[in-house]
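One structure is given below, encoded as C-alpha cells.
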Amino acid sequence: MKLNTEGMKPLYVQVSQWLETEILSGNIKENEKIYSQYQLAEMFNINPATAAKGLNILANEKILYKKRGLGMFVETNAKENILRKRKDQNLKPLVWELVMESERLGVTEYELVDMIKTAGIQIREGRNYESDRV
Amino acid sequence: MMSLTGANLLVTVKKQYFFKLKAYVFLFFNMIAVQILGILLSFNGVMSSGTGNGGFFVSVKTFAGNLIIILTMIWAFFVGRSLTTDEYRKTDFVFVTNRLSSNLSAAGFALTAAIVGGVTASLSGVLFRIIVYFTYGSQNIADQHFFVKPQELLMSMIATTFYIILISAIGYFFGTLARKHPGFNVLLPAAFVGLLFLRVGNVGNISVVLEETVNFFIKEGSLMLFMIKITGVVFALFYSSILMSNRLEV
Amino acid sequence: MKVIECNRLSKSYERIRAINDLSLSIEENKITGLIGRNGAGKTTLLKIIAGLLHKTSGEIRVFSEEPFNSLKVSANIIFIDDNLAFPKSFCLEDILEAAGTFYENWDMSLARGLLEYFALHPKQFHKNLSKGMQSTFNVILGISSRCPLTIFDEPTVGMDGAVRKDFYRALLKDYVQNPRTIILSSHLLNEIENILEDILLLNKGEKCLHMPITDLKELAVGLRGKKEIVDELTKDMETYHQETLGKDSCFKVVKNNFSQIELQHVKKAGIEMLPVAAEDIYIYLTSGDKGGIDDVFNRS
C-alpha cells in the first residue's frame, strides 16, 4: 500500500481517511473490528505510533470505539459521521477556494452556479471534463 | 516490554573463552608449524667437530634441543601480544562484553595456548630425540642426558610450560602497555636490545637487575617454589594489564 | 520506562567538543531516528550509550546503569556500524552462531532467512564482501539479535536502493512483532522518516529538537507569494528559512502555528501554502547563521 509522502497531508491523516473510505465502501461493517495499529503499520510501512494516531483521530470523532483489550471497532452510525465530517472538512474549504478564485477572476455568482450545474450533468453522464476554449 | 537479559561475569567469560578458542584456533596451527621448523632447524644447528688419528676418524655431533622451546616461547609472546591488539580486542565488543571479561577470557586463552605450547614443545623435544635415535643408531649416542626418565620428562615439561606461560603473560602485558602508550611499541624493543648490549659490556646497574631477575627464576632449585614464583608474576602481569586497560575506549 | 537518560552529557576529544551539554531521554519500545549532519556528534553519542566510549562529564544511564563496562548494558545492546570487527577465521555462519551464544533473544532462523533473501552465502568471509554486502550482513546481525536496545549507526552505507528499502521494511516488520527500543542514525531523513516514531536532531553536539516525527512534519510551513504580503503575514513568526524569487516574490518557511482563521487570511491574500518536508526542516534548522549555499555565490 502506498501513501503520499510528499503532500501536505500527514501520514496519519491519510491512514484515517483510508479507513473512512473502507468503512464507507462497506468493506468494514458497523461494530466490526478494524485493523490494529500494527496491521496498519505493516500495510503502509509506517511506524505503529503513526498508525495509532490515525486510529485515534477516528476514535475522537466517534467513528471508532475502543474495547478494552480487544482493539477498536466501528461505531453504529460511523457512515453518517464520516459523511457529515467530510462535508464539513473537505467540501467547505473547496467551496471557499472556488468562490475566492471566481472573485479574483470576476466570475459572477450566476455564472459559477451555472458551471457547477454543467459539471454535475457531465459527471452524471460519465463524460470527461472538457474546457470549451474557442 | 522485552525482558532484560541478566549478565553474569563468569558465564560471559566462559562464552568469550570458547569464542576465542574457535576464532583463534589458527594460532595453534602456527604453533605446530613453528615447532616443526624448530625440529628441522635443530638438525641444522648441529655443531660438529672431528679428529683424525692415523686413519681413524671420530665425528662428534652436538644437537641443540632447546631451539624448539625457544621458538615456542617466541610464539607464546606473539600470542599474548596479539590478543591485546585492536583486531582481536574489537571482536569482543561486537558481542556481549566488558573490559574485565574481555581481559579474563583473553588471559584464559593465553594460558591455554601456553600450556598447549609447553606440553607440545616438550614432546617435540622427545620426537626430535627419537628421530636422532633412529637416524644415528643408539650405539652412536654418547651423551648420558640423551635418554630421559619419564619423571624427568614430566618435570621439564612443567618447567617449560611455566616459562612459556610467563612469556605469554609478558607478551600480553607489553601489548597492553603499547596500546595505552603507543610509544612503548618502539621503546620496549629498543630497551630490550639496549639491555642485551649492557649485559655484554657489563656496564651499569641495569644489567645487574636484569641478571638478578633472570636468576630469580632460573636459579630456583625447588620446582614448587619456581611454580609459585611464576604464578605470582603471571598473576601480577595480567592484573596490571587489566587495571591498565579497564578505562580504555574501544 | 526510560531506556536512556542523559543529563548534561559532554564528550571532548583533544580540543573538539563532540557532545555538548546534552540532556535527553529515550522511552522504551520506540524507534528513534538520530539525525544530524556529518560531525554533529551522532556516532559519539551512540558509542557512549553502547559503553564503547567514556563521557567527559555529565550523566548517562542506560537501563538505569552507567554503560561503560556494564555487562548488563552490553548484554542488552547491539551496536551496528560499518566498522564491526569479526575474527578473520570466521565465515558469516560462524559469526551468526557466535552471536547466538551471546544474545539471549537471538533468532537463528530469521538470520538464516535474511541471509538467504539477501543472497549472502553462509560460508563467505566478511572481509571478502563488497561494502554494501557487509552492511547488509551487519544489519542482519542487528535485527536477528533482537536486543532490547538495538542501535544502527549509519547502517546503510554502500547498500543499493532496493536493499535499503528491504532493510527498513524488515526492521519495521520485526519491530511490530517484537517491539524494542531502536535507534537509527542517518543523515538521510526522508528515507527513514516513515518508520520512525520520534526524531532526535543533533547539531554541533547539541540537541536541536526531539519530538514525534509527525509533529516535526507539521512544525513548519512554506509561504510563497509577494514579499510584502508574506512579510506582513509572518511578522511575529519564527522564520527558518527565506529566499527571494524573481523581483518581488519570496519563499519563506515559518513555524506552523497558524490558526484556522489566519490560514483563511493567507489564502485570501493569494499566498500559496506549501508543505515543507521533514528533511528540509532539518536542513534549515542545522544550516546555522550561514544563509545557505546560495550566499556563497551571491557574494560577488
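The values are calculated or read from the model by the stated rules, or taken from the named source; none is laboratory data. Since the structure is predicted, the reported quantities are computational estimates derived from the model, not experimental observations. Cβ coordinates were reconstructed from backbone atoms using ideal geometry, including for glycine residues, and neighbour counts include every protein chain displayed. Calculation scope for accessible area: heavy atoms of the full protein, side chains included, ligands and nucleic acids excluded. Shrake-Rupley method; radii C 1.70, N 1.55, O 1.52, S 1.80 Å.
Listed by position, the helices (runs of 4 or more DSSP H) inside segment C:196-299 whose residues that are open to solvent by less than 60 Å² (accessible area, probe 1.4 Å) number at least 3 are C:213-217, C:227-233, C:278-286. Taken together, the criteria exclude C:Ile140 from residues that are under 30 Å from B:Arg99 (Cβ atoms), within 11 Å of another protein chain (Cβ to nearest Cβ) and surrounded by 21 or more Cβ atoms within 10 Å (Cβ to Cβ).
Would you confirm, using the coordinates I've provided, whether C:Gly161 is open to solvent by 10 Å² or more (accessible area, probe 1.4 Å) and either touching a residue at least 24 places away in the same chain (Cβ under 8 Å) or away from every other protein chain (no Cβ under 14 Å) (or both)?
yes
Figure legend. Inter-residue proximity from segment B:66-79: first residues under 12 Å from B:Leu166 (Cα atoms) and in contact (Cβ under 8 Å) with a residue 60 or more places away in the chain, second residues hydroxyl-bearing (Ser, Thr, Tyr) and open to solvent by 40 Å² or more (accessible area, probe 1.4 Å), beta-carbon distance below 7 Å, spacing 6+ or different chains. Indicated pairs: B:Met73/B:Tyr163. From the list A:Leu83, A:Leu94, the one residue that fits, being open to solvent by 90 Å² or more (accessible area, probe 1.4 Å), under 16 Å from the mean Cα position of the chain (by Cα) and at pLDDT below 90, is A:Leu94.
Output the residue which, of all residues in segment B:31-45 that are surrounded by 15 or more Cβ atoms within 10 Å (Cβ to Cβ) and among the polar types (S, T, N, Q), is farthest from the other protein chains (Cβ to nearest Cβ). Selected residue: B:Ser42.
Among the residues of segment C:164-171, some residue qualifies, meaning at least one is within 13 Å of another protein chain (Cβ to nearest Cβ), closer than 24 Å to C:Ser135 by Cα and acidic (Asp, Glu).
Within segment C:66-83, the presence of at least one residue that is in contact (Cβ under 8 Å) with a residue 60 or more places away in the chain and surrounded by fewer than 17 Cβ atoms within 10 Å (Cβ to Cβ) is confirmed.
The criterion of at least 2 residues that are of a type in the set (Val, Ile, Thr) is met by the following helices (runs of 4 or more DSSP H) wholly inside segment C:67-172: C:92-102, C:131-144. Listed conditions (1) under 30 Å from A:Glu32 (Cα atoms); (2) free of Cβ contacts under 8 Å to residues at least 24 places away in the same chain are all met by A:Glu61, apart from (2).
Checked against the criterion of being more than 8 Å from chain B (Cβ to nearest Cβ), out of contact with any strand residue (DSSP E or B) (no Cβ under 8 Å at 6 or more places or on another chain) and not small (Gly, Ala, Ser), the candidates C:Lys131, C:Lys55 yield just one match: C:Lys131.
Filtered by the rule that a residue be within 9 Å of another protein chain (Cβ to nearest Cβ) and without any contact (Cβ under 8 Å) to a residue 60 or more places away in the chain, segment C:179-194 gives a lone residue, C:Asn194.
Whenever a residue of segment B:222-250 is touching a residue at least 60 places away in the same chain (Cβ under 8 Å), its partners that are surrounded by fewer than 16 Cβ atoms within 10 Å (Cβ to Cβ) and in a helix (DSSP H, G or I), lying with C-beta atoms within less than 6 angstrom and at least six residues away or across chains, give the pairs B:Met244/B:Lys180.
Look at segment B:221-231 and say how many of its residues are within 16 Å of B:Ala114 (Cα to Cα) and over 16 Å from the mean Cα position of the chain (by Cα). Number of matching residues: 0. The residues listed here are C:Glu59, C:Glu14; of these, the one that is within 23 Å of C:Lys204 (Cα to Cα), more than 21 Å from the chain's Cα centre (by Cα), in contact (Cβ under 8 Å) with a residue 12 or more places away in the chain and surrounded by fewer than 21 Cβ atoms within 10 Å (Cβ to Cβ) is C:Glu59.
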